[in-house]
2 protein chains.
Amino acid sequence: MTELTATSRYQCFGGSVEFYQHPSDCCGTSMAFGIYLPPQAQQRPVPVLYFLSGLTCTPENFLTKAGAQQFAARQGIALVIPDTSPRQTGIPAEDQDYDLGSGAGFYVNATEEPWRQHYQMYDYVTVELPNLVGANFPIDLSRAGICGHSMGGHGALVCGLRGNYRSISAFAPIANPSASPWGQKAFGQYLGNQGWAQYDATMLVAERQVDFPILIDQGATDQFLVNQLMPEKFVAACDRAGQSLNFRMQEGYDHSYYFIASFIGDHLRYHAELLM
Amino acid sequence: MTELTATSRYQCFGGSVEFYQHPSDCCGTSMAFGIYLPPQAQQRPVPVLYFLSGLTCTPENFLTKAGAQQFAARQGIALVIPDTSPRQTGIPAEDQDYDLGSGAGFYVNATEEPWRQHYQMYDYVTVELPNLVGANFPIDLSRAGICGHSMGGHGALVCGLRGNYRSISAFAPIANPSASPWGQKAFGQYLGNQGWAQYDATMLVAERQVDFPILIDQGATDQFLVNQLMPEKFVAACDRAGQSLNFRMQEGYDHSYYFIASFIGDHLRYHAELLM
């Protein structure tokens, strides 16, 4: 059994925020994650919501800034927040750019050197981490939802469409990474010139749909909206594919955690309805 | 009129989180504060809750981590968060210790060199800043409450007992600073060997009471409880003075913002009842 090392624990809304490190088989290095266990987890296994964070984030950002724990406590849902990449792998360029390497794993399985030995984030997030938390915490893995922000919104849509999740939502996702400068840089480095479609929600939804509505919130004054996020491409692709989508353009909101905090309660209620 | 320089603005729960800098007369240097204006402030002047932060904090910590904005939006209360000290004053030792100088103003008017020229935080928080926000934002200064955490809990109790506030609450306050190592170090430097009683809530409440109950939450596993905070001294002093106090010892909680976030909703409801 994989050894978990607890790095810190804080009581919060009657449950607990906990941070861990563990050796990861698929990433070949130590990985970090955060978890919120609601009070109900002391009595019985609870459903789980994975939250995938955006560029530069650690597992702390979401648990510190989003204000999700109160809603998770009310609904009885565990929150699991993976780190956004392996770190300190020894890859020479890993800390050079904020949008590549450390903090920028993009939730793909890298096929290219020098990344492929460690940057297996798709498998980590969809297989290794769920198995790990299922084995160590009172979590019912059969009731899992996924959510994310920006790069993590991209990850949530892709993991959600390809995997076994009962609910999918996103804040300001990079919705068509193959057409976005962030996505093109990362996919080019991690994947070379092939395999992009399986990691691009706008391309993927033509072939894979889910039988529940996806929820997306997007700030209308988000500085990355036009050049990096392009949610309108995903909206159109869902329309063509017959995928039910609740896309909400939120006037006056930007890309920050103040935006996420304003609507995370709606997202937790959405996930609770599908997970309970 | 004092010039405010806006440094950033974020829409949040239908209102806005805004950060400012301005020249301060009483501190003789530039000061920073944060404000949350709830949606109701677009229609009419709203009551205000000042939140005084703890050691090392800037105005950002509370607005980023406490999750108070949703409750302020619901209740229609503005939040005003001063910085915890002047900064970059040129005083040689200002950045040497985390518990003295920058980030550690202790909400007193310093009488001693080298601090007294800039460290006039009591006047800043109780007079200059209220006048400034009253002149620049739709805030009804006659309906003001005060809250704080740790060093800021001390500040909230002291300002609240001495000033004109309609409601007072605190999280883990340094309740008897004259008997606490943090308080003794700061008071010794800022005040020399006199005038401590007017800045010590436990001593002050013997002479000044308010005609409403004070609310205090304290984590039972707070690492600073026994040696630095000593709320039991304030509880006993309130008892002797006939001051109504709702002191809640919260099992399992520590000194962190995860603790504050867990109970900030209760505090906003308490303040709203007294401010509306």
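The values are calculated or read from the model by the stated rules, or taken from the named source; none is laboratory data. These numbers come from a predicted model, not from an experiment. Note that we place each Cβ from the backbone using ideal geometry, even for glycine, and neighbour counts take in every protein chain shown. All accessible areas refer to the heavy atoms of the entire protein, side chains included, with ligands and DNA or RNA removed. Shrake-Rupley method; radii C 1.70, N 1.55, O 1.52, S 1.80 Å.
For this structure, a couple of remarks:
- Checking A:A73, A:A93 one by one, the residue that is within 14 Å of chain B (Cβ to nearest Cβ) and either under 28 Å from A:L229 (Cα atoms) or open to solvent by 10 Å² or more (accessible area, probe 1.4 Å) (or both) is A:A73 and no other.
Rundown of residues vs (1) modelled with pLDDT under 95; (2) assigned to a loop (DSSP other than H, G, I, E, B); (3) not hydroxyl-bearing (S, T, Y), yes/no style:
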site	(1), (2), (3)
A:T2	yes, yes, no
A:R9	no, no, yes
A:V17	no, no, yes
A:Y20	no, no, no
A:F51	no, no, yes
A:G54	no, yes, yes
A:F71	no, no, yes
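- Flag not set for B:H271, criterion: under 16 Å from B:S150 (Cα atoms) and at pLDDT 95 or above.
- Conditions (1) open to solvent by 10 Å² or more (accessible area, probe 1.4 Å); (2) among the small types (G, A, S); (3) away from chain A (no Cβ under 14 Å); number of the one not met by B:G252: (3)
- Qualifying residue in the stretch A:137-154 (condition: farther than 30 Å from A:Q250 by Cβ and surrounded by 21 or more Cβ atoms within 10 Å (Cβ to Cβ)): yes
- Residues located in the stretch A:9-57, provided they are closer than 26 Å to A:M151 by Cα and within 14 Å of another protein chain (Cβ to nearest Cβ): A:V17, A:E18, A:F19, A:G34, A:I35, A:Y36, A:L37, A:C57
- Hits in the stretch B:43-64 (condition: on the phi < 0 side of the Ramachandran plot, surrounded by fewer than 19 Cβ atoms within 10 Å (Cβ to Cβ) and in contact (Cβ under 8 Å) with a residue 24 or more places away in the chain): B:R44, B:P45, B:E60
- Boolean, B:Q88 is within 13 Å of another protein chain (Cβ to nearest Cβ), more than 22 Å from A:Y257 (Cα to Cα) and either touching a residue at least 60 places away in the same chain (Cβ under 8 Å) or among the polar types (S, T, N, Q) (or both): no
- Test for B:A32: is it open to solvent by 10 Å² or more (accessible area, probe 1.4 Å) and more than 18 Å from the chain's Cα centre (by Cα): no
- In the stretch B:1-17, the residue that is farthest from B:G67 (Cα to Cα) out of those that are open to solvent by 20 Å² or more (accessible area, probe 1.4 Å) and free of Cβ contacts under 8 Å to residues at least 40 places away in the same chain is B:E3.
- Test: residue in the stretch A:217-228 that is more than 14 Å from every other protein chain (Cβ to nearest Cβ) and exposed (fewer than 15 other Cβ atoms within 10 Å of the Cβ): yes
- Residue within the stretch A:217-225 that is within 17 Å of the chain's Cα centre (by Cα) and in a helix (DSSP H, G or I) present: no
- Selection from the stretch A:162-183 of residues that are open to solvent by 10 Å² or more (accessible area, probe 1.4 Å) and either out of contact with any Phe, Trp or Tyr (no Cβ under 9 Å at 6 or more places or on another chain) or not polar (S, T, N, Q) (or both): A:R162, A:G163, A:N164, A:Y165, A:R166, A:A179, A:P181, A:W182
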